[in-house]
Amino acid sequence: MIALVLAGLGWAVWKGKVHRQQLLPLLLGLAGVFLAARGSILIGVAAIAVAVTWYRGLSWRLFGTGAKQSEQYGIDKARFLLGVSRFDTAEQIRSRHRALITQNHPDTGGSAERARELNEARDLLLSDLESKSR
């Protein structure tokens, strides 16, 4: 039975359903269930409570919550699109944007959609840098 549970957790990590950091709280929760089923109800329930709290805390830190998560996702997507890092300056972002827009502009055979995405990515990253510098 234990081998089956461990195999299931290994599969979940391999498929990306569970992060490695989440394994310890999951195993603690499973140990709590096992202890509660074997008669140590107080210790088992306490272990389950600790595991749930630990797991939820990790989930909030790993995946973020609400608007902050979607805002960060947009910024990360913009960085990926322009090929810049979070350490790049405004001038480096503008330079990278210029290089990409010359390749992807509709007048030079690129698509209007791609040019719009590049412009939005530049604007988002520059506004993010500006808000952080205040």
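The values are calculated or read from the model by the stated rules, or taken from the named source; none is laboratory data. Note that the coordinates shown come from a computational prediction; the quantities given were computed from them, not determined experimentally. Cβ sites come from the backbone with ideal geometry, for glycine too, and all protein chains shown count toward neighbours. The protein model used for the area step is the full one, side chains on, heavy atoms only, and it has no ligands, DNA or RNA in it. Shrake-Rupley method; radii C 1.70, N 1.55, O 1.52, S 1.80 Å.
Numbers for the structure displayed
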| read-out | value |
| --- | --- |
| Residue in the range 8-38 that is farthest from GLN72 (Cα to Cα), counting only those that are open to solvent by 60 Å² or more (accessible area, probe 1.4 Å) and either in contact with a strand residue (DSSP E or B) (Cβ under 7 Å, 6 or more places away or on another chain) or without any contact (Cβ under 8 Å) to a residue 12 or more places away in the chain (or both) | ARG38 |
| Those residues of the range 54-78 which are hydroxyl-bearing (Ser, Thr, Tyr) and either at pLDDT 90 or above or surrounded by 15 or more Cβ atoms within 10 Å (Cβ to Cβ) (or both), in sequence order | TYR55, SER59 |
| Residue in the range 79-88 that is at negative phi, at pLDDT 90 or above, open to solvent by less than 40 Å² (accessible area, probe 1.4 Å) and part of a helix (DSSP H, G or I) present | yes |
